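Taking it in order: structure first as structure tokens, then the write-up.
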Amino acid sequence: MTRTTSGVELSEIAIFSELSKKELKAVGRLMTELSLKEGATLTRQGEPGREFMIISSGTAKVEIDGTVVAHLGPGEFLGELAVISGTARVATVTATSPMVVEILNRREFMALLDESSSLGRKILVGAVKRLQINERSKTN
């Protein structure tokens, strides 16, 4: 079994559940653990996005234009839209408890997508869902 540096089983994280043991090991080697305090900003709307993050522990809120649109917890991920597109962050994400996140920079993230079509599909589905949430928040 492959674990992140914080002890989370990678195969239990939804986006990695279909990866082979070899692919899971590759992901685990690339991740960097970061501990954050409650109130820390993980991403800021409008700023460049250079990292993809997976929440190992803790919770966060997602805000677009100052409105809370979602809450995230262990096993969920963020930052993929800006990393994939090379554009600015579409939301501000703030820790609502102490957190541990695993980070992949843009180069590492893109290399993973190139290596695994199943991971690429899961990331793209997640990205589309986030875009739909963004659009709904604009019309409400």
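The values are calculated or read from the model by the stated rules, or taken from the named source; none is laboratory data. This one's a predicted model, so the numbers in the text were calculated from it and none came from an experiment. Please note: Cβ atoms are built from the backbone with ideal geometry, for glycine as well, and neighbour counts cover all protein chains shown.
Of the residues that sit in the range 5-45 and are β-branched (Val, Ile, Thr) and touching a Ser or Thr at 6+ places or on another chain (Cβ under 6 Å), which one is modelled with the highest pLDDT? Here the residue is 41. Any idea how many residues of the range 37-50 are crowded, with 20+ Cβ neighbours inside 10 Å and part of a strand (DSSP E or B)? Adding up the residues that qualify gives 2.
Within the range 62-120, if we keep just the residues that are crowded, with 16+ Cβ neighbours inside 10 Å and basic (Lys, Arg), the residue that is modelled with the highest pLDDT turns out to be 89.
The set of residues in the range 59-81 that are among the polar types (S, T, N, Q) and assigned to a strand (DSSP E or B) contains only 67.
Per the conditions (1) in contact (Cβ under 8 Å) with a residue 40 or more places away in the chain; (2) among the β-branched types (Val, Ile, Thr); (3) in contact with a Gly (Cβ under 7 Å, 6 or more places away or on another chain), the sole criterion not satisfied by residue 123 is (3).
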